[in-house]
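Novice: To start, I am sharing the structure in question, which I have written as structure tokens.
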Amino acid sequence: MAKKKFRGLVFIKPERCKGCEYCVEFCPTGAITMSHKFNSKGYHYPEFTAPDKCTGCGLCGMYCPDFAIYGMREAIEEG
Ligand code: SF4
Ligand code: SF4
């Protein structure tokens, strides 16, 4: 029988971001980093730069005051 595992996924809405960096500071695995790019309001926003490190714990979304990032777990099948 296939073993079920999970991988972390992160969704980022750059236009909602105010660049506070809480998400990057509180991510326990370093899966996200601040982009050098700016959104239309002139703020840097996070990017999902190390997907392999993400556990889908959701802490980034819990700390974001602007609902600009969400972390979740997705089930994957391993043969
Ligand atoms: S879901 Fe957790 S591990 Fe993934 S980027 Fe967010 S805080 Fe980091
Ligand atoms: S916590 Fe939210 S507002 Fe702050 S940098 Fe991260 S995505 Fe942007």
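Taken together, the values in this text are just the output of simple stated rules run on the coordinates, not laboratory data. Treat the numbers as computed from the prediction; the structure is a model and nothing was measured. Heads up, the Cβs are rebuilt from the backbone with ideal geometry, glycines too, and the neighbour counts pull from every protein chain shown.
Novice: What are the ³J(HN,Hα) couplings of segment 44-51, residue after residue, when phi is run through the Karplus curve with 6.51, -1.76, 1.60 and θ = phi - 60°? Round to Hz, x for glycine and proline.
Specialist: For segment 44-51, the Karplus curve yields 6, 9, x, 10, 8, 8, 9, x Hz.
Novice: With Cβ to Cβ distances under 12 Å as the rule, what net charge do the other residues near Ala31 carry (K, R +1; D, E -1)? Intermediate values should be presented prior to the final figure.
Specialist: On the way: positive: Arg7, Lys53; negative: Glu47, Asp52.
Charge balance in the 12 Å sphere: 0.
Novice: Given H placed on each backbone N at 1.01 Å, which residues far from Gly56 in sequence or on other chains put an amide H within less than 5 Å of it?
Specialist: Residues meeting the criterion, in which the H sits 1.01 Å from N, are Gly8, Leu9.
Novice: Short version: ³J(HN,Hα) in whole Hz for each residue of segment 25-35, in order, from phi by Karplus 6.51 cos²θ - 1.76 cosθ + 1.60 (θ = phi - 60°), x for Gly and Pro, what are they?
Specialist: Computed from phi, the couplings for segment 25-35 are 4, 8, 5, x, 10, x, 7, 10, 9, 6, 6 Hz.
Novice: Count the lysine pairs in the chain that are 8 or more places apart or on different chains: how many have C-alpha atoms under 14 angstrom apart? Write out the running numbers ahead of the final one.
Specialist: Values: Lys13/Lys37; Lys13/Lys41; Lys18/Lys37; Lys18/Lys41.
Here the count comes out as 4.
Novice: Here's another thing I want to ask about it. Explain nothing, just the number: dipole magnitude of segment 7-74 about its Cα centre with +1 on each Lys and Arg Cβ and -1 on each Asp and Glu Cβ, in debye rounded to the nearest 20. Show your work: numbers first, answer last.
Specialist: Details: 8 positive and 7 negative charges, 24 e Å.
Once rounded to the nearest 20, the dipole reads 120 debye.
Novice: In addition: Output ³J(HN,Hα) for segment 11-24: one whole-Hz value per residue in order, computed from phi by the Karplus curve 6.51 cos²θ - 1.76 cosθ + 1.60 with θ = phi - 60°, and x for Gly and Pro.
Specialist: So the J values, rounded to whole Hz, are 10, 10, 10, x, 5, 8, 6, 10, x, 6, 6, 4, 4, 5.
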